[in-house]
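The block underneath contains the structure these notes are about, expressed in structure tokens.
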Amino acid sequence: MILLYKLSPEKNSGNSANCKNFPTGLFNYGGSTTWAPIRRDVDPVIQKICPQFQLRYTDHPIKKPGSGTGIEMLLNNQLDFSQSSRSIKPEEQQTAQQKGFSLKEIPVAIDGIAIAINPQLKLPGLTVEQLKQIYTGQITNWNQVGGIDLKIIPYSRRKEDAGTVEFFVENVLQKEEFGENVEYVYSTTDGLQKVAKNIGGIYYASAPEVVGQCQVNPLPLINQSQQIIPPYKEPFVPPEKCPNQRNSLNASAFKTGEYPITRKLFVIIMENNAIQQQGGEAYANWLLTNEAQLLIEKVGFVKVR
């Protein structure tokens, strides 16, 4: 249920200039799990600067959180704006138009998809095509891609549960279906734990969720120029040095596109000329300020500005 708002922004002592574009009220928002670091570390900053603009993270009562769930909740007036790790689908835009408004996406950050393997599996890298063949069931043994003679166990969340999976199917699998060899997991935490326990395991997720982990290794990918591009800054920090030292994101390769699997993170807004649009646009515009872009970079994503 959407709560009541006052349209006029209130002044905040010492910060009124920063708050003039923010409406007053409590805004329900949610969606992509990839956005969790931003919700945790970036969003509290704007609420401190502009306390009249209150944010409440809202889950679906039944469905798992994700980009698609968030957009569905937005369309059903359960959210004021949503966070997504993929673009708006044509059918979602069509549903919005049937309800008398349109959806708008505002990119605020760049993310990479990182591949996690077991530290005992020694492999220099994979091409995106090899990754596709693994997840469609055409490659089933690590010795087919230069590894040891061992069955590959590809893990994934389900397509309906996450924008990351939808992006992976669309852009890596080229809309092909997952193979029967794929084992489904409930969450990224679950997927990474399974890879840590199974030498033949492989999993994909948002780069900030993979690169700094101690129990798995992030795998370099081979781009179309045949360059081996890691999702982490070199030199690689081996698991035995973790957690005292951790790998950090290869932000420059994500930004230039040298790393072959990147995407944008979007704020999804209802263009309905109402308070929801005003709140969503104010939130997105603040995320594009220098201050917020630096905070976004600090939590593991790449600035778009």
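The values are calculated or read from the model by the stated rules, or taken from the named source; none is laboratory data. Everything quoted here is computed from the prediction, not taken from an experiment. All Cβ positions, glycine included, derive from the backbone under ideal geometry; neighbour counts span all protein chains shown.
Just name the residue that is nearest to the chain's Cα centre (by Cα) out of those in segment 252-305 that are in a loop (DSSP other than H, G, I, E, B) and farther than 28 Å from E170 by Cβ.
So in segment 252-305, the residues in a loop (DSSP other than H, G, I, E, B) come out as 257-261, 272-274, 288-289, 299-301, 304-305.
Now drop any that are not farther than 28 Å from E170 by Cβ, which leaves 273-274, 289.
On the way: N273: 28, A274: 28, T289: 20 Å.
My answer is T289.
A quick yes/no check of all residues on (1) out of contact with any His (no Cβ under 8 Å at 6 or more places or on another chain); (2) in contact (Cβ under 8 Å) with a residue 12 or more places away in the chain:
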{"site": "T58", "(1), (2)": "yes, yes"}
{"site": "P61", "(1), (2)": "yes, no"}
{"site": "P65", "(1), (2)": "yes, yes"}
{"site": "G70", "(1), (2)": "yes, yes"}
{"site": "M73", "(1), (2)": "no, yes"}
{"site": "S84", "(1), (2)": "yes, yes"}
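Would you check which residues across segment 3-51 are over 24 Å from A162 (Cα atoms), crowded, with 18+ Cβ neighbours inside 10 Å and at pLDDT 90 or above and list them?
F22, P23, T24, G25, I46, C50 - these are the residues of segment 3-51 that are over 24 Å from A162 (Cα atoms), crowded, with 18+ Cβ neighbours inside 10 Å and at pLDDT 90 or above.
Which fully enclosed strands (runs of 3 or more DSSP E) of segment 35-135 have 2 or more residues being of a type in the set (S, T, N, Q) and either under 30 Å from T24 (Cα atoms) or within 18 Å of the chain's Cα centre (by Cα) (or both)?
81-84
What single numbered condition from (1) aliphatic (A, V, I, L, M); (2) more than 22 Å from I228 (Cα to Cα); (3) buried (at least 17 other Cβ atoms within 10 Å of the Cβ) fails to hold for I134?
(2)
Suppose the filter is among the β-branched types (V, I, T), surrounded by 19 or more Cβ atoms within 10 Å (Cβ to Cβ), under 24 Å from I229 (Cα atoms) and touching a helix residue (DSSP H, G or I) at 6+ places or on another chain (Cβ under 8 Å); does V145 pass it?
no
Is it true that L150 is in contact (Cβ under 8 Å) with a residue 40 or more places away in the chain, of a type outside the set (V, I, T) and within 21 Å of I229 (Cα to Cα)?
Answer is no for this residue.
Of the residues N217, N244, which single one is surrounded by fewer than 19 Cβ atoms within 10 Å (Cβ to Cβ) and over 27 Å from P107 (Cα atoms)?
Answer to the check: N244.
Evaluate the following for S225: is it of a type in the set (S, T, N, Q) and either under 23 Å from E297 (Cα atoms) or surrounded by 13 or more Cβ atoms within 10 Å (Cβ to Cβ) (or both)?
No.
Is it the case that segment 109-121 has a residue that's within 19 Å of S206 (Cβ to Cβ) and out of contact with any Pro (no Cβ under 9 Å at 6 or more places or on another chain)? Write out each step before concluding.
The initial filter retains those residues of segment 109-121 that are within 19 Å of S206 (Cβ to Cβ), namely 109-117.
From what's left, out of contact with any Pro (no Cβ under 9 Å at 6 or more places or on another chain): 109-110.
Among the residues of segment 109-121, at least one is within 19 Å of S206 (Cβ to Cβ) and out of contact with any Pro (no Cβ under 9 Å at 6 or more places or on another chain), which makes the answer yes.
Which one of these is under 24 Å from S87 (Cβ atoms) and in contact with a Leu (Cβ under 7 Å, 6 or more places away or on another chain): L173, L221?
L221
Do we find that V302 is surrounded by 16 or more Cβ atoms within 10 Å (Cβ to Cβ), among the β-branched types (V, I, T) and within 14 Å of A109 (Cα to Cα) in this structure? Spell out the reasoning first.
Details: surrounded by 16 or more Cβ atoms within 10 Å (Cβ to Cβ): yes; among the β-branched types (V, I, T): yes; within 14 Å of A109 (Cα to Cα): yes.
It is true that V302 is surrounded by 16 or more Cβ atoms within 10 Å (Cβ to Cβ), among the β-branched types (V, I, T) and within 14 Å of A109 (Cα to Cα).
Hey, can you tell me all the residues within segment 148-163 that are modelled with pLDDT of 95 or more and in a loop (DSSP other than H, G, I, E, B)?
Correct list: I148, D149, L150, I152.
Kindly evaluate Y203 against the criterion of being modelled with pLDDT of 95 or more, in contact with a strand residue (DSSP E or B) (Cβ under 7 Å, 6 or more places away or on another chain) and either within 25 Å of G30 (Cα to Cα) or part of a strand (DSSP E or B) (or both).
Yes, satisfied.
Can S187 be described as small (G, A, S), within 23 Å of the chain's Cα centre (by Cα) and surrounded by fewer than 19 Cβ atoms within 10 Å (Cβ to Cβ)?
yes
What do you reckon, is V169 surrounded by 15 or more Cβ atoms within 10 Å (Cβ to Cβ), free of Cβ contacts under 8 Å to residues at least 24 places away in the same chain, outside any loop (DSSP other than H, G, I, E, B) and touching a Phe, Trp or Tyr at 6+ places or on another chain (Cβ under 9 Å)?
yes
For segment 52-104, how many residues meet the condition of being surrounded by fewer than 17 Cβ atoms within 10 Å (Cβ to Cβ) and small (G, A, S)?
2
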